[in-house]
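Report on one structure; see the data block that follows.
None of the figures in this text is laboratory data; all of them are computed from the coordinates on show. Remember, it's a predicted structure, so these values are computed and weren't measured experimentally. So basically every Cβ, Gly included, is an ideal-geometry build from the backbone, and we count neighbours across all protein chains shown.
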Amino acid sequence: MTQPVHPHYLPAEDRYHNMAYLRSGRSGLKLPAISLGLWHNFGGVDTLENSRAMVRRAFDLGITHFDLANNYGPPPGSAEDTFGEILRKDLHAFRDELIISTKAGYYMWPGPYGEWGSRKYLISSLDQSLKRMGLEYVDIFYHHRYDPETPLEETMSALDQVVRQGKALYVGISNYNAEQTREAARILRELGTPCLINQVSYSMLNRWVEPDLLDAAEQEGVGLIFFSPLAQGMLTDRYLHGVPEDSRAAKPGTFLKRERITEEYLTRARKLNAIALMRGQTLAQMALAWVMRHSASTSALIGTSTVQQVEDCAATVQQLNFSAEELAAIEAALA
Ligand code: NDP
């Protein structure tokens, strides 16, 4: 059961002592090595006090970056409502210490203007997000997925527009491949609003960025923030002894299906867990350090369901380096 949170929040004074902050591409902005995403466990269906406790603890541990999207919930929009409430109650006085992002791209409302990449959709969606969170501006506004039908010039010029309107300080793209990233970066550069970052999936179990996106981002001066670095919990000790009833794999309507917890998966996960223990880390910490090992990496964007998970993940920064032997052992475990 969740403990009630204290009504008055004063952040830890030592909150900047341990976290690492990395520059996003060739920008002026640094992000924490570990960022917190509000895709799951912050919706209207979740317990506000638990969501609130996780955000507070994250900020206490130097996690300055909170990632949202118009559609996070469920129901869609409710994660932004929840975060708005936490801001009002706890973090209002610390707005200038926070990097808050939101996105538009996936389905949000009916009709032709409620998804994809038109100027009409992006501008309206950001206005809705600002209202839900009670903010005048977000720090980063993302286009959530590449739209094959809308001219990229229109989508990028909508991003440029929100910066000029003062509704976002920086803009980014999400789920764009190497070629799309290069093109988006070029257009944004010409518009005078550089592309800050690309938010993409990456983990030991999902390595699509390795062949060309890492290099493309670095060459374009675009940062990379990696979502689902724990493969939604599969790169943690969560499933080593069965599927807990409160886990993502056990919950209906999530993208992590129980069927993925196979014997073959468990064999790999146990090997990885043993390597992590030899490094003096939890498997979650090793998985996060592993995505952060590239020069193009800006931040590992985690999700959490408990305060303990926030603490475990934040402590990753105590050991980010790998020996060649450890990297080889990980490759062998994954093979
Ligand atoms: P993760 O891979 O970090 O998975 C999070 C889950 O892992 C948690 O819910 C929890 O599972 C488990 N977990 C986390 N920490 C620990 C720990 N220390 N020990 C054991 N288990 C742990 O990321 P998500 O898939 O949640 O994605 C993170 C964020 O990325 C999202 O909130 C969102 O902001 C962003 N995102 C962006 C997308 C995009 O298209 N741009 C798409 C998807 C995500 P459990 O709940 O079972 O406890």
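Some observations on this one:
- At q = 0.09 Å⁻¹ the log10 of I(q)/I(0) for the stretch 85-239 amounts to -0.31, computed by Debye summation with a single uniform scatterer per C-alpha, solvent ignored.
- Scattering curve values for the stretch 1-101, log₁₀ I(q)/I(0), Debye with Cα scatterers, q = 0.22 Å⁻¹: -1.21
- Pairs of Lys residues in the chain are counted when their Cα atoms are under 18 angstrom apart and they lie 8 or more places apart or on different chains; the count is 7.
- CD proxy at 222 nm, helix term only [per DSSP H run n ≥ 4: -39500 (n - 2.57); per residue of the chain; nearest 500]: -10500 deg cm²/dmol
- Cα centroid separation - the stretch 224-264 against the stretch 62-134, whole Å: 25
- Value of D in µm² per second that Stokes-Einstein yields for the stretch 162-285, Kirkwood Rh from Cα pairs, at 10 °C (1.306 mPa s): 94
- Cα gyration tensor shape for the stretch 86-127, rounded if a/c is under 1.5, else prolate or oblate: prolate
- Where both bridge residues fall in the stretch 7-157, DSSP classifies roughly 25% of the beta bridges as antiparallel.
- Highest mean packing first, where packing is the average number of other Cβ atoms within 10 Å per residue, the peptides 248-258, 306-316 line up as 306-316, 248-258.
- Shape metrics for the chain, restricted to C-alpha atoms - Rg then Dmax, Å: 19.2, 54
- Peptides 102-108, 225-231 ordered by average Cβ neighbours within 10 Å, highest first: 225-231, 102-108
- Local net charge near Gly44, Cβ-Cβ under 13 Å (Lys/Arg +1, Asp/Glu -1): -3
- Global form of the stretch 31-81, assessed from the alpha-carbon gyration tensor, a/c cut-off 1.5: oblate
- The stretch 173-220: trypsin sites (Lys or Arg not before Pro) in DSSP coil with no more than 13 other Cβ atoms inside 10 Å: Arg207
- Low-density loop positions, GluC sites (Glu not before Pro), the stretch 222-308 - DSSP coil, at most 11 other Cβ in 10 Å: Glu245
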